[in-house]
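Visitor: Have a look at this one before I ask anything.
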Amino acid sequence: MGEPVIVGRIGRPHGIRGDVTIDVRTDLPERRFAPGAVLGRQRPGGPAGSAAAAVPTAGSDPGARTGPAGSADLSAASVLRVASSRWHSGRLLVRFDGVADRGAAEALRGTLLTIDSDESGPPVGDDDEDETDDLWWDRDLVGLRAQTSAGAALGEVVDVIHSPAGEILAISRSGGGEYLIPFVREIVPTVDPAAGRIVVDPPPGLLDLD
């Protein structure tokens, strides 16, 4: 089994029937959140390996306990199964098996959703015309040397932070502390795992530390 790869984060409930908004962390949302897809569940703030992938959801178990409104008790479930998904006003809305009301949806807020890197295949497939060359697993990035477009060394990528606003690269500084670099093409134009480096083209002030 490979390491969990985060593909989304559950946001606020939408409506009263159990739908939730998803903060998408993948370039392939239609595939990752297709009905029937099974996603690992990582507790907010939990370790990267806290999402198991071999235990069925309570909602798929005929003997699962249910709440007053018919929602399954998912407190011990380590995976969630997508019942339906749709786009609404630019947001992805997903309903999971066993989540039938707003209260159950609210209980999932902040949950990180993962896939298994071994089972998902490579992030980019040469034979898939719908995919791009800009999708990287966290493990591809951690450990890379960072330098500016002018060639100045910045440090090493030590973490990929999945924030509601998007991914942020944490780069350790030789003198202590970290640079926090938004992981967008305009600021990180080059990612070269084969060469063990990324290139950062920082806007004014980004590298200034107090």
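Visitor: Using modelled amide H (1.01 Å from N, peptide plane; none on Pro or chain starts), what sits under 5 Å from the amide H of Gly11, excluding residues fewer than 5 places away?
Guide: When sequence neighbours closer than 5 places are left aside, the close amide H contacts are Thr21, Ile22, Asp23, Gly110.
Visitor: May I ask you to compute the full-extension gain from Ala170 to Trp87, defined as 0.36 nm times their residue separation minus their alpha-carbon distance, rounded to one decimal in nm?
Guide: Result: 26.7 nm gained on full extension.
Visitor: May I pose another question? Which net charge results for the neighbourhood of Ala105, defined as the other residues with beta-carbon distances under 11 angstrom from its beta-carbon, given Lys and Arg at +1 and Asp and Glu at -1?
Guide: +2
Visitor: Okay, moving on. What is the set of long-range amide H partners of Phe183 at a cut-off below 5 Å, with H atoms built 1.01 Å from backbone N?
Guide: Glu167, Ile168, Leu169
Visitor: Further question on the same structure: Would region 138-200 count as rounded, prolate or oblate if I go by the C-alpha gyration tensor, calling it rounded below 1.5 in a/c and otherwise prolate when a/b exceeds b/c, oblate otherwise?
Guide: Rounded, because the longest to shortest axis ratio a/c is under 1.5.
Just so you know, all these numbers are worked out from the coordinates, no wet-lab data involved. It should be emphasised that the depicted structure is a prediction, and the values quoted were computed from it without experimental measurement. Positions of Cβ are backbone-derived with ideal geometry, glycine not excepted, and every protein chain shown enters the neighbour counts.
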